[in-house]
Amino acid sequence: MHTYDDDCELTWENFLSNFDHYYACHLFGWFVMTFMLRNRLLVHTWSILDEFIELSWQHILPHLRECWWDHVIVDVLLSNTVGIEVALFVIKKTGMKTYDWLGMEGARSWREWKIFTCHRTFGFVVTFYLFVIGRFLTMFFFLNSMLIPPYHFVSVVRLLSWALFAFLPIREIYEDIRTWNTSGRKDNRVEGNYRWLGIAIILLEIATSYKFRKGTKNMNEDAETPWYIILPWSIIITTMLSFYLYLRFKKDRTKKFIVVPKNPKETEKKKK
């Protein structure tokens, strides 16, 4: 099976050979995904996270193996960053609304960002990253289990279907975060239908990938995960779960909505 670390010597021939269909998919994919999220910090963080996910799973799926310069230069700098920044430029020039996923608006410092003070914001951003990690991995494992070649039209149809569908659950998640702990949330219910549908599709793809994983000859089924992969991810998961529980159960935690009394004078009389 072809891998992208067959020859990691940094030469023009090796460098240019990596500008293939995967590079085009990266470029187009991040352009589209930036229109979904419309937040520079969130998208660039996701872009770098994808590279760490590849490093963490390459011992199981050799197709994810790449040279260091492929990760850093080709993927992050010349593909992901270009697609993201071009999309942000288009968003700015067309006057499209940007999304404040991290709750930075009105904050005087990063300590006041909602992602560090509100369990709902923090939880949804982390859940979103888990969702896109699952979608990213199934892009390889699902096609591998179904023995679908990378150039097959099914691969393109799957990517385009996800790109069109993902706008709906992402918009739902953002509206949930935006209206959480506000007075308007009580009268404006945020549905979660598309989120649950997206999760169901991801779980179905994961289950299918696992069930038909044997006999494909394109993955190391019995590979043991090294400690230098298990340990960092265990620390990250434990830390994030602990922080979420802290935000969720602290005394001044945020609530679903704030009840604003219609007549403040009547409220004061009732207290007396």
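The values are calculated or read from the model by the stated rules, or taken from the named source; none is laboratory data. Since the model is a prediction, treat every value here as computed from it, not as a measurement. Note that we place each Cβ from the backbone using ideal geometry, even for glycine, and neighbour counts take in every protein chain shown. Ligands, DNA and RNA are stripped out before the accessible areas are found, and what is left, the full protein with its side chains, is counted by its heavy atoms. Shrake-Rupley method; radii C 1.70, N 1.55, O 1.52, S 1.80 Å.
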Positions within region 24-38 being more than 12 Å from LEU88 (Cβ to Cβ) and open to solvent by less than 50 Å² (accessible area, probe 1.4 Å), in sequence order
HIS26, GLY29, VAL32, MET36
Taking ARG111, is it open to solvent by less than 30 Å² (accessible area, probe 1.4 Å), among the basic types (Lys, Arg) and outside any loop (DSSP other than H, G, I, E, B)?
no
Just wondering, is there one or more residues in region 211-227 that are in a helix (DSSP H, G or I) and either surrounded by 12 or more Cβ atoms within 10 Å (Cβ to Cβ) or under 23 Å from the mean Cα position of the chain (by Cα) (or both)?
no
Scope region 117-128; condition touching a residue at least 60 places away in the same chain (Cβ under 8 Å) and of a type outside the set (Ser, Thr, Tyr); matching residues:
CYS118, HIS119, ARG120, PHE122, GLY123, VAL125, VAL126
Looking at region 181-191, can you tell me whether even one residue there is out of contact with any strand residue (DSSP E or B) (no Cβ under 6 Å at 6 or more places or on another chain), modelled with pLDDT of 90 or more and more than 20 Å from ARG248 (Cα to Cα)?
no
Taking only region 172-210 into account, find how many residues are among the hydroxyl-bearing types (Ser, Thr, Tyr) and surrounded by 17 or more Cβ atoms within 10 Å (Cβ to Cβ).
4
Any residue at all in region 92-100 that's in contact (Cβ under 8 Å) with a residue 40 or more places away in the chain and part of a helix (DSSP H, G or I)?
no
